Amino acid sequence: MACIFYGTGYGNGFPDVSRAYARLLKDGKVEISVGATEVGQGAKTVMVQIAAETLGLLDKDIVLINEDTSKTPDAGTAAASRQTYNTGNAVKIACENLKEKILDEAAKILGVNTKVGLCIKDGLIYVKSYPSKKVSFMEIGELNKDLQAEGVFTAHTTQMDENGQGAPYWPYTFASCAVEVEVDTETGEVSILRAKHVLDVGRAVNPSLVEGQIDGGFAMGVGYALMEDIGLKDGKMTNGSFEKYIIPTSLDIPEIEKVLIEYPEDTAPYGAKGIGEPVMIPVAPAILNAIYDAIGVRFYEIPVTPERVLLALQSKG
């Protein structure tokens, strides 16, 4: 097995800022404009969920505009496992700011002297002590066509000093991976029989997406540990095509037992941490530890190909 911790975001004092806009449309839906890029990690789904939760709306009532630099503010890169945490916070802040403006308008329309007693549910704002007195997001959107707000979030990060001390990241994600392998001592082939992945997610905004990322990250870790090698020689790749650059398939991946630990991070949107890279990092060291346990050989170079296994066994004698 192997355990890791991973800092979210750019870190070490590098500015890590995300921005988002929220705007009430005349049909009562809310438009979220954000530069978060979808690269398969589920950013579009999570941003919509965060916005809907903040505004008391359904997912279908959120219109997401992203990946369009002519319309969206900068949300930073889809890297460093930062989008859910950083940009999710920016979306939440934008929606909270818009929510306050919507409640201000609702108080005027409903004729109440404060917005404190107003509640939101399913696109309706009503008086808590008098639920039949209500107004919809659509009615407010039709009356006020320019109700919008911005959200800006800057991650906590400080530069380390000359002694390597400081607080370069916040928060940290933790993960542990355990595998059982079988090593064929005649062919050198390593097969993974069982796997378990335990991941500290803060809070799983969308558990299915998290489990999907575990599956994908585990497969990437298997390729990293056992197969993928570009074969650099004199600065050139010797394995420059998928004919020679081998990647794992579904047949190389066992059923993975997944355990999600939810301990909400109080600086995160609804407690959710970034988990993009942490799901992959402990896989290769866990596999190498299992190989060592099986054949008593410690490998310090990857990938551990069948050829390297056989050579190591021969050297062991």
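Helix-only mean residue ellipticity at 222 nm, the chain, DSSP H runs n ≥ 4 weighted -39,500 (n - 2.57), per residue, nearest 500. What is it? Please list the in-between numbers first.
Working: 6 runs with 87 residues, N = 317.
So the calculated ellipticity at 222 nm is -9000 deg cm²/dmol.
Residues in region 16-31 carry Karplus couplings, in order, of 10, 10, 10, 10, 8, 10, 10, 9, 7, 8, 5, 8, x, 7, 10, 8 Hz; the curve used is 6.51 cos²θ - 1.76 cosθ + 1.60 with θ = phi - 60°, and Gly or Pro positions show x. Here the Karplus curve 6.51 cos²θ - 1.76 cosθ + 1.60, taken at θ = phi - 60°, turns the phi angles of region 282-294 into couplings of x, 5, 4, x, 5, 5, 5, 5, 5, 4, 4, 5, 7 Hz, with x standing for Gly and Pro. Annotation: amide H-H contacts under 5 Å for residue 181 (H modelled 1.01 Å from N, sequence separation of 5 or more, or interchain): 193.
Taking every DSSP beta bridge that has both residues in the chain, what percent is antiparallel when rounded to the nearest 5?
DSSP beta bridges in the chain are roughly 80 percent antiparallel.
Rg over Rh of region 263-317, using C-alpha atoms and the Kirkwood radius, what does it come to?
On the way: Rg = 17.8 Å, Rh = 13.8 Å.
Here the Rg-to-Rh quotient is 1.29.
Residues in region 182-190 carry Karplus couplings, in order, of 10, 10, 7, 6, 8, 9, x, 6, 10 Hz; the curve used is 6.51 cos²θ - 1.76 cosθ + 1.60 with θ = phi - 60°, and Gly or Pro positions show x.
Putting +1 on Lys and Arg Cβ atoms and -1 on Asp and Glu Cβ atoms, find which of 86, 14, 241 reaches farthest to the positive end of the dipole of the chain. With unit charges placed on the Cβ atoms, the residue in question is 86. By the rule of a C-alpha distance below 15 Å, with chain neighbours fewer than 8 residues away ignored, the aspartates and glutamates paired with residue 44 are 31, 53, 59, 61, 67, 68. Taking only the Cα atoms of the chain, the radius of gyration and Dmax are 24.8, 88 Å.
Using 22 Å as the Cα-Cα cut-off, could you pick out the over-long pairs in 99/133; 121/258; 60/273; 60/121; 71/145? Write out the running numbers ahead of the final one.
Working: 99/133 19 Å; 121/258 34 Å; 60/273 24 Å; 60/121 14 Å; 71/145 18 Å.
Over 22 Å Cα-Cα: 121/258; 60/273.
Given in Å, the Rg to one decimal and the Dmax to the nearest whole number for the Cα atoms of region 115-230 are 25.8, 78. The GNM of the chain, with springs linking C-alpha atoms under 10 angstrom apart, assigns the highest mean-square fluctuation among 84, 157, 69 to 69.
One Cα centroid belongs to region 80-105, the other to region 293-313; the line between them spans 49 Å. Restriction of the GluC sites (Glu not before Pro) in region 15-91 to DSSP coil positions whose beta-carbon has at most 16 other beta-carbons within 10 angstrom yields 38, 67.
In the context of the full protein assembly, residue 236 retains an accessible surface of approximately 140 Å², using a probe radius of 1.4 Å and ignoring ligands and nucleic acids.
The values are calculated or read from the model by the stated rules, or taken from the named source; none is laboratory data. Remember, predicted model here, so these are calculated numbers, not experimental data. Every residue, glycine among them, receives a Cβ derived from its backbone with ideal geometry; neighbour counts consider all protein chains shown. The protein model used for the area step is the full one, side chains on, heavy atoms only, and it has no ligands, DNA or RNA in it. Shrake-Rupley method; radii C 1.70, N 1.55, O 1.52, S 1.80 Å.
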